[in-house]
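The values are calculated or read from the model by the stated rules, or taken from the named source; none is laboratory data. Fair warning: this is a prediction, and the values are worked out from it, not measured in the lab. As a convention, Cβ positions derive from the backbone with ideal geometry for all residues, glycine included, and neighbour counts pool all protein chains shown.
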Amino acid sequence: MENKKILFDHMDQIHTTEMGAERIKRNLKIDTADVVEYCKNKISEENCNIYKKGKNWYCETDCMRITINSHSYTIITAHMR
């Protein structure tokens, strides 16, 4: 639960690059204008498993894994599991 609190305390810092947004859309097969908001909503779900490994946060929910850099809070990628 501690990991979830740490990440939630930095939700306003979560962002991605233009290339990252396109990669996430392609990997998750989604068509949304705001990829960051989509990912934040998934991360906020009660059943989301959040853990830190090395330099990244991993958020697993709904058969997907979202990878976030733990220093810059940049969403690096997301994949279906």
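What to note about this one:
- Taken over region 1-36, residues that are of a type in the set (D, E, K, R) and in contact with a strand residue (DSSP E or B) (Cβ under 6 Å, 6 or more places away or on another chain) amount to 2.
- One residue stands out in region 48-65 among those that are under 16 Å from Ile14 (Cα atoms) and in contact with a His (Cβ under 9 Å, 6 or more places away or on another chain): the one that is surrounded by the most Cβ atoms within 10 Å (Cβ to Cβ), namely Arg65.
- Checking each residue in region 13-31 for being in contact with a helix residue (DSSP H, G or I) (Cβ under 7 Å, 6 or more places away or on another chain) and of a type in the set (Gly, Ala, Ser) picks out only Ala21.
- Residues that are closer than 14 Å to Thr67 by Cβ, among the charged types (D, E, K, R) and more than 13 Å from the chain's Cα centre (by Cα) within region 1-57 comprise Lys53, Lys55, listed in sequence order.
- Only listed residue being crowded, with 16+ Cβ neighbours inside 10 Å and at pLDDT 95 or above, chosen from Ile68, Ile30: Ile68
- Residues (buried (at least 16 other Cβ atoms within 10 Å of the Cβ) and either within 17 Å of Lys5 (Cα to Cα) or touching a strand residue (DSSP E or B) at 6+ places or on another chain (Cβ under 7 Å) (or both)) located in region 37-47: Cys39, Lys40, Lys42, Ile43
- Elements of the type strands (runs of 3 or more DSSP E) sitting completely within the chain and holding at least 3 residues that are of a type in the set (Val, Ile, Thr): these cover 64-69, 75-80.
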